[in-house]
Amino acid sequence: MDRTERSALPPATTETPALHIDNLSVAFNGNPPTVEDVTLTLMPGHVLAVVGESGCGKSVTSFATMGLLPDNGEMVSGRVELSGHGDLTTLGNKELRKIQGGEIAMIFQEPMTSLNPMMSVGSQVAEAIRTHRGISRAEAKEASISLLDTVGIRNAAQVYTSYPHELSGGMRQRVMIAMAVSCHPKVLIADEPTTALDVSIQAQILDLIRNLQSQNGMAVLLITHDLGVVAEMADRVAVMYAGQVVEETDVFTLFRQPQHPYTRALLHALPNLTGPRDDLQVIPGNVPSSGNMPAGCRFAPRCNQAIQKCHDEPPTIVTHTAGWARCWLPTPQLAPVEVAAHV
Ligand SMILES: Nc1ncnc2c1ncn2[C@@H]1O[C@H](COP(=O)(O)OP(=O)(O)OP(=O)(O)O)[C@@H](O)[C@H]1O
Ligand SMILES: [Mg+2]
C-alpha cells in the first residue's frame, strides 16, 4: 500500500468529472472547521454516495457545493469545479444563480424548508422552469404539469394548484424532485431524498431518480444514511466521519473489502432483517465536535483496533486499486497502486 500526505486523490482517469470538490473546508461562526479538506469526484452519469453518521458534515458539504451556506458559515478553503463552468466559488451571485437549478440542482433533506408555503406547488415548478428557460407562462404551466406527471404525481393538473401543506411528505418530495430536475441538470445533489418516507414511497422515489439519471445522463451525489440504498444505487462511495472523508472506493469494494474500521463499523451496524433483533450493533460513543477533535485519527477513541499511533498522529492516506482510506491500519488485502499514477 502506498501512503501520501495529499488529503485525497481523484480516480486515475482522463475523463473530466461532472463535479470535482477539492479540499473543501467550512467553518461556522469562526470556529474550527466543521467540514475539513473534503475532496469528492463525481463522474458524468455516475452516482457517488456520501454516507456517515448524523453530524458528519454531509449536508454542510452539499450546501457549500451549491453556494448556499447560511450567513454564519464560511468556506475557508476549497474549489467546486463544475464541468464546463470552472470553479463555482469564483463566480458572482448572478452567474451562480443561473447555474444553480440549471446545471447543478439539489433535492433538500427537508422539503418544507425549500418549498414556499405561500405559493401553489405548480407555480413553484413553473417559476423554476421559467428562470432557466425563456418560455411563456402558459408553456411553463404545461411543462410543469407534464413534469409533475413524470415524477409520478397522479392528477398532476389538480395538484398543480395545491399548496405544500395540502400534500403528503412523499408528494412534496416528488415536487422537489420535479423542481430539481426541471432544467435537466448535469449534476443532482440529493440530500437524504427518502428520509421520513415509508418504504414503498422510498423505493418509488429512488426508482424515479435512477430513471431520470439514466435518461438524462445526470450525475448524482447521493447523501444517505442507508447502506441498502447505497448498495442499490451507487457506483462509488465516500464515507464521511467527523467532517472528513475517511474512505472513498467503488461500491463492491466498500461491501466486500472495506478498508477503514469506521466503514466496517457502519456495515456491522446494518440491521440484519432476517436475524434476531439483538444482532443489531451500534457504534459505541459519539462523533466528536469541531472544537473537540482528537489529536490523531478522529475515529480512534471509538475504534476497537486503535494502536497508540492512531491516538497520536492524524493518519495519512493509503491508496489501493479501488480507492483510498485515511487510516494507519487499513485492511491489508487490496493491491497497492503507484501514487504517481494519480497525481
Ligand atoms: N448553521 C450552522 N451553524 C453552526 N453549526 C452548523 C450549522 N449547520 C450545521 N452545523 C454543524 O455542522 C455539523 C455537520 O452538520 P450536517 O448538517 O452537515 O450533518 P449531516 O452529516 O448532514 O447530518 P444528518 O445525517 O443528521 O443530516 C454539525 O455538527 C452541525 O451542528
Ligand atoms: Mg444532513
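The values are calculated or read from the model by the stated rules, or taken from the named source; none is laboratory data. None of these values were measured; they are calculated from a predicted model. Cβ coordinates were reconstructed from backbone atoms using ideal geometry, including for glycine residues, and neighbour counts include every protein chain displayed. Note: areas computed on protein heavy atoms with side chains; ligands, DNA, RNA excluded. Shrake-Rupley method; radii C 1.70, N 1.55, O 1.52, S 1.80 Å.
Per-residue answers, yes or no, for (1) outside the structural domain of residue 65 (by TED's automatic domain parsing); (2) away from ligand 2 (no atom under 16 Å from the Cβ):
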site	(1), (2)
170	yes, yes
176	yes, no
209	no, yes
230	no, no
250	no, yes
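Residue count for segment 103-119, restricted to those that are closer than 22 Å to residue 139 by Cα, assigned to a loop (DSSP other than H, G, I, E, B) and either open to solvent by 70 Å² or more (accessible area, probe 1.4 Å) or touching a residue at least 60 places away in the same chain (Cβ under 8 Å) (or both): 2. Of the helices (runs of 4 or more DSSP H) that lie entirely inside segment 141-229, those containing 2 or more residues that are open to solvent by less than 20 Å² (accessible area, probe 1.4 Å) and closer than 18 Å to residue 103 by Cβ span 169-181, 199-216.
Considering 295, 325, the condition of being surrounded by 20 or more Cβ atoms within 10 Å (Cβ to Cβ) and modelled with pLDDT of 90 or more is satisfied by 325 alone.
Each residue in segment 81-102 was checked for being in a loop (DSSP other than H, G, I, E, B) and in contact with a Leu (Cβ under 6 Å, 6 or more places away or on another chain), and 0 pass.
For every residue, the table says whether it meets (1) more than 20 Å from residue 220 (Cα to Cα); (2) within 12 Å of ligand 1 (Cβ to nearest atom); (3) free of Cβ contacts under 8 Å to residues at least 60 places away in the same chain; (4) open to solvent by less than 10 Å² (accessible area, probe 1.4 Å).
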site	(1), (2), (3), (4)
29	yes, yes, yes, no
34	yes, yes, no, no
48	no, no, no, yes
51	no, yes, no, yes
56	no, yes, no, yes
72	yes, yes, yes, no
80	no, no, no, yes
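The residues of segment 120-138 that are open to solvent by 50 Å² or more (accessible area, probe 1.4 Å) and within 14 Å of residue 160 (Cα to Cα), listed by number, are 127, 137, 138.
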